[in-house]
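The values are calculated or read from the model by the stated rules, or taken from the named source; none is laboratory data. Since the model is a prediction, treat every value here as computed from it, not as a measurement. Glycine also receives a Cβ, built like all others from the backbone with ideal geometry; neighbour counts cover every protein chain displayed.
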Amino acid sequence: MPDFLITLYPWMKAFHIMSVISWMAGLFYLPRLFVYHTEQSTPGDSRDEVFQIMEYKLLRVIMNPAMVATWLFGIILVMTPGVVDWSAVWPYTKIAGIFVMTWFHHWLGLRRKEFVSGQNTRTGRQHRMMNEVPTLAMVVIVLSVVVRF
């Protein structure tokens with residue numbers, strides 16, 4: 001099996017990068033939608049309905065599959081012999097960043113459900129501040145992989 005994974009390595013890496021880009025785009029955009037949803041609509045109005053559709057489709061059609069693909073291709077890369085040096089620190093800081101991104105993804109899903117039920121209590125400013133979480137996680141992950149400290 002290791003020889004098979006080594007042969008597929010460039011493909012798995014390419015698919016991993018594409019899925020990460022898709023996932024990150026959603027992680028950046030959904031909180032921004034929440035800002036506009038909070039500031040430009042009230043529960044039950046026509047804008048509320050439009051925002052809910054946009055948020056639902058972004059989360060379910062783009063972000064969820066991208067997150068699953070990112071995890072799948074990432075696990076395949078980790079299983080490929082010679083890719084990860086487990087004696088270094090960088091794999092563990094990258095894993096921490098991945099867990100933060102995954103937590104944030106699920107946190108966003110819970111916030112969407114609050115909008116659906118008309119129970120959002122957060123302000124646009126609070127959603128703007130949370131929009132920085134994926135940026136911080138991305139910095140940790142990229143520096144971990146590229147600098148390999």
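Restricting attention to region 94-149, the residues being among the basic types (Lys, Arg) and outside any helix (DSSP H, G or I) number 2. From the list 31, 10, the one residue that fits, being over 22 Å from residue 130 (Cα atoms) and either out of contact with any Gly (no Cβ under 6 Å at 6 or more places or on another chain) or among the charged types (D, E, K, R) (or both), is 10. Scanning region 53-63 for residues that are surrounded by 15 or more Cβ atoms within 10 Å (Cβ to Cβ) and free of Cβ contacts under 8 Å to residues at least 40 places away in the same chain, we see that the one that is farthest from residue 106 (Cα to Cα) is 54.
This table checks each residue for (1) modelled with pLDDT of 95 or more; (2) part of a helix (DSSP H, G or I); (3) among the hydrophobic types (A, V, I, L, M, F, W, C).
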residue	(1), (2), (3)
4	no, yes, yes
18	yes, yes, yes
25	yes, yes, yes
29	yes, yes, no
52	yes, yes, no
56	yes, yes, no
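Selection of first residues in region 25-48 that are closer than 19 Å to residue 106 by Cβ and of second residues that are β-branched (Val, Ile, Thr) and surrounded by fewer than 17 Cβ atoms within 10 Å (Cβ to Cβ), restricted to Cβ pairs under 8 Å at least 6 apart or on distinct chains, gives the following pairs, ordered by first then second residue: 25/62; 26/62; 28/135.
Test residue 70 against the criterion of being hydroxyl-bearing (Ser, Thr, Tyr), closer than 23 Å to residue 147 by Cα and either within 14 Å of the chain's Cα centre (by Cα) or exposed (fewer than 13 other Cβ atoms within 10 Å of the Cβ) (or both), and give yes or no. For residue 70, the condition - hydroxyl-bearing (Ser, Thr, Tyr), closer than 23 Å to residue 147 by Cα and either within 14 Å of the chain's Cα centre (by Cα) or exposed (fewer than 13 other Cβ atoms within 10 Å of the Cβ) (or both) - is met.
For (1) more than 21 Å from residue 18 (Cα to Cα); (2) touching a helix residue (DSSP H, G or I) at 6+ places or on another chain (Cβ under 7 Å); (3) among the β-branched types (Val, Ile, Thr); (4) crowded, with 17+ Cβ neighbours inside 10 Å, each residue gets a yes or a no:
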| position | (1), (2), (3), (4) |
| --- | --- |
| 75 | no, no, yes, no |
| 99 | no, no, no, no |
| 118 | yes, no, no, no |
| 127 | yes, yes, no, yes |
